[in-house]
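Notes for the one structure printed next.
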Amino acid sequence: RTYRIPKEVRVEPHKFAAELIHRL
Amino acid sequence: LANLVQFPCKYALWGCERILAHTEKADHQVNCEFRLYSCPFPGVSCNWMGLMNAAVPHLIDQHRIITTQQGEDTVFFASDIFRPGIFDWVMIQCCFGFNFMVVLHKRDRYGDQKFFAVVQLIGTHQQAQNFVYKLELHCPRQSLTWKAIPRSLQEGIKTAILGRECLMFNNSVAKLFAKNGNLSMNVKISRC
């Protein structure tokens with residue numbers, strides 16, 4: 001079974017919405 | 001009389017065909033796959049509500065920062081993970097005919113940074129039981145692995161993070177595996 005090299009996916013950060021922080 | 005009569009699910013109009021006794025109606029409706037769900041994208045105050053099968057089109061249309069990748073095996077390359085503040089890195093991984101949302105969440109309390117990684121199936125709790133996901137961090141001399149059943153859309157990921165049912169690591173562990181402030185995490189989804 002040929003081994004497929006997993007593709008690397010660049011994921012950018014997104015800032016957590018301030019109004020939700022108090023719920024953390 | 002109520003004990004003798006069976007009732008349709010309140011989401012019958014959206015396609016639920018269940019007929020229920022009044023005693024089982026409430027439990028079923030909380031997890032009914034035809035109920036309306038809120039936006040699963042973490043860390044944004046999005047007012048979207050919709051059917052389960054409308055969640056992924058919504059994510060792709062309205063939250064374009066999300067990267068989508070086909071395949072059971074991917075490398076989730078989270079950029080700039082040590083930037084100060086609370087951040088999420090989100091990707092959708094498509095395999096086995098389903099969509100899985102891969103989330104890295106970073107908490108930052110006065111410089112004390114903690115990381116949480118979890119996978120959520122955009123599907124029902126029942127569908128999620130058919131899969132296992134594995135997250136792996138590697139560096140030359142160490143590796144860190146977390147293996148679990150994915151969360152479902154009903155369960156959400158916040159409960160996984162609050163309940164510590166996810167891959168968790170702190171700043172010093174992150175420094176072990178990160179290169180130039182970026183973190184590579186192997187994500188493998190398989191049927192169980």
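Annotations for the structure displayed:
- Pairs with Cβ under 7 Å, 6+ apart, first in region B:14-25 and in a loop (DSSP other than H, G, I, E, B), second among the hydrophobic types (A, V, I, L, M, F, W, C): B:G15/B:F34; B:C16/B:C9; B:C16/B:C32; B:C16/B:F34; B:R18/B:C9
- Restricting attention to region B:178-192, the residues being under 24 Å from B:I149 (Cα atoms) and modelled with pLDDT of 95 or more number 9.
- Screening region B:58-90 for residues that are in contact with a Gly (Cβ under 8 Å, 6 or more places away or on another chain) and of a type in the set (D, E) and picking the one that is surrounded by the fewest Cβ atoms within 10 Å (Cβ to Cβ) gives B:D80.
- For region B:5-44, the set of residues classified as surrounded by 17 or more Cβ atoms within 10 Å (Cβ to Cβ), in contact with a strand residue (DSSP E or B) (Cβ under 7 Å, 6 or more places away or on another chain) and within 30 Å of A:H14 (Cβ to Cβ) consists of B:Y37, B:P40, B:F41, B:P42, B:G43, listed by residue number.
- The set of residues in region B:71-96 that are more than 8 Å from every other protein chain (Cβ to nearest Cβ) and either in contact with a Lys or Arg (Cβ under 7 Å, 6 or more places away or on another chain) or within 19 Å of B:Q154 (Cβ to Cβ) (or both) comprises B:E72, B:I92, B:F96.
- Residue ranges of strands (runs of 3 or more DSSP E) in region B:113-192 with at least 2 members surrounded by 20 or more Cβ atoms within 10 Å (Cβ to Cβ) and within 14 Å of another protein chain (Cβ to nearest Cβ): B:131-139, B:183-191
The values are calculated or read from the model by the stated rules, or taken from the named source; none is laboratory data. Keep in mind the model is a prediction, meaning the values are calculated, not measured. Please note: Cβ atoms are built from the backbone with ideal geometry, for glycine as well, and neighbour counts cover all protein chains shown.
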